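Taking it in order: structure first as structure tokens, then the write-up.
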Amino acid sequence: MIAVAYALVQEIAKYSIAISLAVPAIALLLIAITKEKFSRIIGMASTGIALAVSLFLLAYLYAGHSSAINASIPFISSLNINFEMGINPISFALFMMSSIVLFATSLAGNVHRIRQKATQFLIVLFQLASAGLFLSLNLFIFFIFWDIGVIAMFFFINSLGSESRKSAAMKFLIYEILASSLLLFGILMIYFYTPVHSFNISTIIANSSLIPAGEQTAIFALLFIAFIINMPVFPFHLWLPDAHTEAPTQGSMLLSGILTKFGGFGVILLFEMLPISKTFGNYIAALAVISAFYSVLAMMKQDDIKRVIAYSTITEMAIVLFGISEFSSFGLYGGVYAMLSHGLLIAMLFLGAGSIEVIFNTRNIHILKGIVKNARLVAYSLLAGVFIMLGLPLSSAFIADLLIFIGAVSAFGIAGIAPLLALLLVGAFLYLIISKSFMSTGKYTRAVGSIRIEQRIAFCILLLFIFIFGAFPFIMLSIFKI
């Protein structure tokens, strides 16, 4: 009986990649051909299956099974391009995070309950893009899913956004076209300058030292700029605040929760592929510190809660970049853990911002007063989010910050704590907003609406996983092997 159960588990693990890609593909077709009233059920089923698969894989990998779950199908044989997918500790952590965020978004992100069919179609399309990108073992396939994610987000903003959505969507698209162009050019340069002429990431890592130094530098510049546009990092961040301001709640949850992680994941791949990356470590760390402090100063000038949260994303992703730039296991896995934590946290914060707009018909922090009276769950969830962002013990952010700054002090000495100061300023400013606008007891903003049970459940789901990964970090760290 035990042998049969073990064999069944092995078979499920073997086909987990196929399930993760086939389910959203089928769901897209079903949403397209069915009536609108069924679209939400299909979307939730698709993202729910992805969450179930990720939880199964979490237990499977934690139990000590090999993470070498791979699949390969010939795609363009003449160019040595195969549809190669696989799971490793880093890709799994981001796949796990994306499955949680996608399920919460499908469940509760459409707080206004408008255009359900279009919303669920784009959520599932983004599910396909994120699974394909995080599990890709081939740079050409990585690029395809990158662009699928960009297209899905463009339509989120352009079709489902608010009044100025067209200009925000075009700004987003211009930046992303630039990023995609640089990414494609860099990938093609890797292919032609690597003697084996391959898009396979493992093959590139094994042979990239044979690429001449000058060409390595050019490739590094192209790919690095492409990835930090997407993260985003100063000075390529200008698209993000406008995109968040005009995007619907579900778009913002996926934009900061997952799409920005495409860039972070890309930077990790870049540093693994090109040996010359290490020579730029100090410069990248300095850029990360500048980006972190700049975003804090820009945040303090905002009066829209969504723009405030958007700038906090730039700070957090700068800290992720800082961790990766340390070129140590603590920095690398701290950066991955930070992306895992931030994806969950920022999705919850944007869900809170969307809920506030529904309940009070405004997102202006100078107008909102005492919302705790009429929106207790939202107010306390946002307050918890601020403490989590500051590294609340037993939260996932605490583990991420701990790993990053242990590595930072080892790599840069006392200067390694510089980004921590930016994070403290973000937390202090957000706490000031919440204490004055949300938790005050003197004046109250009158409620004009209410959130539904699905939003309440989504808050609980996101908070639950934030504290699971904080209270039981050994689960993920054992998979990372640190």
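Computed from backbone phi with θ = phi - 60° and the Karplus coefficients 6.51, -1.76 and 1.60, the 3J(HN,Hα) list for the range 356-373 is 4, 5, 5, 6, 10, 6, 7, 10, 6, 5, 7, 8, 5, 9, x, 5, 4, 5 Hz; x is used for glycine and proline. Cα-based values for the range 277-482, radius of gyration first and Dmax second, are 17.6, 56 Å. Between helix 139-160 and the chain there is an angle of about 20 degrees, using the helix long axis and the longest principal axis of the Cα atoms. Taking packing as the residue-averaged number of other Cβ atoms within 10 angstrom, the listed peptides 131-140, 164-173, 150-159 run from highest to lowest as 131-140, 150-159, 164-173. The stretch between Asn361 and Ala45 holds 110.7 nm of extra length on full extension. This uses 0.36 nm per residue minus the Cα-Cα distance. FRET efficiency for the pair Phe38 and Arg376, taken as 1/(1 + (r/R0)^6) with r the Cβ-Cβ distance and R0 = 25 Å, rounds to 0.15.
Exposure proxy for Met439, Met317, Met96: other Cβ atoms within 10 Å of each Cβ, ordered fewest to most, give Met439, Met96, Met317. Checking the cross-link pairs Lys171/Lys301; Lys117/Lys436; Lys35/Lys306; Lys166/Lys301; Lys306/Lys443; Lys166/Lys373 against a 28 Å limit on the alpha carbon distance flags Lys117/Lys436; Lys35/Lys306; Lys166/Lys373 as lying beyond it.
For the range 248-303, what class follows from the C-alpha gyration tensor (a ≥ b ≥ c being the square roots of its eigenvalues): rounded when a/c is under 1.5, otherwise prolate if a/b is larger than b/c, else oblate?
Oblate shape, in that a/c is at least 1.5 and b/c is the bigger or equal ratio.
Eigenvalues of the alpha-carbon gyration tensor of the chain, scaled by 5 and square-rooted, set the equivalent ellipsoid semi-axes at 33, 26, 22 angstrom, largest first. Averaging the sequence gap over all C-alpha pairs within less than 8 Å and six or more residues apart, then dividing by the number of residues, gives the range 122-275 a relative contact order of 29 percent. If I model a spin label at Thr279 and Lys481 as a point 7 Å from the Cα along the Cα→Cβ vector, what separation in nanometres do I get? For the pair Thr279/Lys481, the computed spacing is 2.9 nm. Taking a ≥ b ≥ c as the square roots of the eigenvalues of the Cα gyration tensor, an a/c ratio of 1.5 or more together with a/b no larger than b/c marks the range 387-427 as oblate.
Ranked by the mean number of other Cβ atoms within 10 Å of their residues, highest first, the peptides 48-60, 258-270 fall in the order 258-270, 48-60. May I ask for the angle, rounded to the nearest 10°, between helix 376-389 and the longest principal axis of the chain, with both axes built from Cα atoms and the value confined to 0 to 90°? Once rounded, one gets 40 degrees. Dividing the mean sequence gap of close Cα pairs (under 8 Å, 6+ apart) by how many residues the chain holds gives a relative contact order of 15 percent.
Relative to the dominant Cα principal axis of the chain, helix 36-62 is inclined by about 60°.
As a length-normalised measure over Cα pairs under 8 Å and 6 or more apart, the relative contact order of the range 277-482 settles at 27 percent. Once R0 is set to 45 Å, what does the formula 1/(1 + (r/R0)^6) return for the Cβ-Cβ distance between Ala206 and Ala22, expressed as a FRET efficiency to the nearest 0.05? With a Förster radius of 45 Å, E is 0.90. Taking the helices alone, the chain has a mean residue ellipticity at 222 nm of -24000 deg cm²/dmol, built from -39,500 (n - 2.57) per DSSP H run of at least 4 residues and averaged over all its residues.
Taking Lys and Arg as +1 and Asp and Glu as -1, the other residues whose beta-carbon sits under 13 Å from that of Asn88 total -1.
For the range 198-321, the calculated P(r), taken from all Cα-Cα distances in 5 Å bins from zero up to the bin holding the longest distance, is 2, 11, 20, 21, 16, 11, 9, 6, 3, 1, 0 percent.
Determine the distance separating the Cα centre of the range 380-459 from the Cα centre of the range 37-93; give it in Å without decimals. Value for the Cα centre distance between the two parts: 31 Å. Counting charges near Ile157 (Lys, Arg +1; Asp, Glu -1) among other residues having Cβ under 15 Å from its Cβ returns a value of +2. Remark: Glu163, Glu36 ranked as Glu163, Glu36, counting other beta-carbon atoms within 10 Å and listing the fewest first. Ordering of 239-247, 79-87, 448-456, 120-128 by packing is 120-128, 239-247, 79-87, 448-456, highest average first (other Cβ atoms within 10 Å, averaged per residue).
Rounded to the nearest 0.05, what FRET efficiency is calculated for Arg446 and Leu29 with R0 set to 56 Å and r the Cβ-Cβ distance? Write down the numbers at each step before the final one.
On the way: r = 45 Å, r/R0 = 0.80.
Plugging the Cβ-Cβ distance into 1/(1 + (r/R0)^6) gives 0.80.
We did not get these values from a lab; they are worked out from the coordinates using the rules stated. Just so we're clear, the structure is a prediction, and the values are computed from it rather than from any experiment. A quick note on method: Cβ atoms are made from the backbone with ideal geometry, for glycine too, and the neighbour counts reach across all protein chains shown.
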